[in-house]
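For reference, the structure discussed in these notes is given below.
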Amino acid sequence: YIGQVIAWDGVNENVHRHFYEDKFGENASAEYYSKAYHLDPKTTMFMNEFNTIEYSGDQVANPANYLRKLKEIQQFPGTAGMPMAIGLQCHFARGIPNLAYMRSGLDLLGATGLPIWLTE
């Protein structure tokens with residue numbers, strides 16, 4: 001599908017889950033993004049995660065932790081120039097959304113200048 005899709009989800013939910021890092025080493029996710037980028041360099045690479053803005057009680061993938069993981073990927077050798085975007089799942093299943101938390105999270109993520117998509 002090289003050149004035929006508008007975006008790739010490099011590694012899904014890699015802030016909450018560490019499957020590849022546990023199996024193949026601490027830089028596994030970043031390596032996969034780098035490989036995907038070199039195979040399809042014009043296609044945007046998304047980092048897709050859940051509970052980044054929809055649930056303030058989940059401190060694993062809060063906006064600051066999301067950005068830390070994003071920066072790890074962006075600073076990995078071979079990813080310079082890789083088009084990236086922020087992918088936010090929005091499964092609002094726990095009561096009333098915390099709009100102030102959502103807004104501050106979107107402001108923080110938006111400060112990167114990267115596109116933000118609601119991916120699920």
* Of all residues in region 63-91, count the ones that are within 13 Å of Tyr32 (Cα to Cα) and out of contact with any strand residue (DSSP E or B) (no Cβ under 8 Å at 6 or more places or on another chain). => 5
* Asked: Do any residues in region 109-120 that are without any contact (Cβ under 8 Å) to a residue 24 or more places away in the chain and in a loop (DSSP other than H, G, I, E, B) have Cβ atoms under 9 Å from those of residues that are of a type in the set (Gly, Ala, Ser) and surrounded by 14 or more Cβ atoms within 10 Å (Cβ to Cβ), where the two are at least six apart or on different chains, and which pairs are they?
  -> none
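Of the residues that make up region 29-43, is at least one within 15 Å of Ile116 (Cβ to Cβ), of a type in the set (Val, Ile, Thr) and modelled with pLDDT of 95 or more? Show your work before the answer.
To start, the set of residues in region 29-43 that are within 15 Å of Ile116 (Cβ to Cβ) comprises none.
Looking for residues that are within 15 Å of Ile116 (Cβ to Cβ), of a type in the set (Val, Ile, Thr) and modelled with pLDDT of 95 or more, one finds none in region 29-43, hence no.
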* Structure fact -> Reported set for region 65-120 where residues are loosely packed, with under 12 Cβ neighbours inside 10 Å and small (Gly, Ala, Ser) is Ala80, Gly81, Ala93, Gly95, Ala100, Ala111, Gly113
* Asked: Any residue in region 23-46 that is touching a strand residue (DSSP E or B) at 6+ places or on another chain (Cβ under 7 Å), within 27 Å of Leu99 (Cβ to Cβ) and surrounded by 13 or more Cβ atoms within 10 Å (Cβ to Cβ)?
  -> yes
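The values are calculated or read from the model by the stated rules, or taken from the named source; none is laboratory data. Remember, it's a predicted structure, so these values are computed and weren't measured experimentally. Glycine gets a Cβ as well: all are built from the backbone with ideal geometry, and neighbour counts include every protein chain shown.
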